[in-house]
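Reading through the structure tokens given below for one structure.
We did not get these values from a lab; they are worked out from the coordinates using the rules stated. Every value quoted in this text rests on a predicted model; they were computed, and no experiment measured them. A quick note on method: Cβ atoms are made from the backbone with ideal geometry, for glycine too, and the neighbour counts reach across all protein chains shown.
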Amino acid sequence: MEVSDVRRRLRAAIEEARRRSAERRTRSDEASRAWQTLLTDVVVPAFHLIQSALVGEGRRFAVSTPGESARLSLEHSAQDFVELSLDTARDVPAVLIRSTRGRGRHTVATEVIVREGDAIATLTQEDVVAAVLEELIPFIER
């Protein structure tokens, strides 16, 4: 194998890496723009609806919006929460639902993809409510 062949292949690999990086930035930018709209118009109102229903059932939860996410946490324990956020660090951006809850001395954390890629823009309040309620089950079982 010649050095010139290796250099040619290396230049092609560098160009491919640049192209992939540009595509990833474009996907992340599009997802971020869609998420900004969804967060204010869909996600936060859905979290407030869930909180109202929980309070009506005697469950004390609070809604907050740390950073670019929406969080529903137990009023007496900010470490126990369900959070919906956008993850643009992935190759294909995704809306993730994360939950963290204490279980004795142990902390149980979960992370589930709700939507990814172009499907992020199609997220509805129904989708948010369904995903959050699924993650709330362990909190309500207590």
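Here are the numbers:
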quantity	calculated
Residue (of Phe47, Ser85, Leu123) at the positive-pole extreme of the chain, dipole from beta-carbon charges	Ser85
Selection of trypsin sites (Lys or Arg not before Pro), segment 45-81, meeting DSSP coil and at most 12 other Cβ within 10 Å	Arg60
Selected from Val108, Val128, Val95 as most flexible by GNM, with the chain as the system and alpha-carbon contacts under 10 Å	Val108
Segment 90-140 pair-distance distribution - Cα-Cα, 5 Å bins, rounded %	4, 18, 26, 21, 15, 10, 5, 2
Potential extension, Glu141-Arg33 segment - 0.36 nm per residue separation minus Cα distance	35.2 nm
Segment Arg60-His76, length gained on full extension (0.36 nm per residue, minus Cα span)	5.0 nm
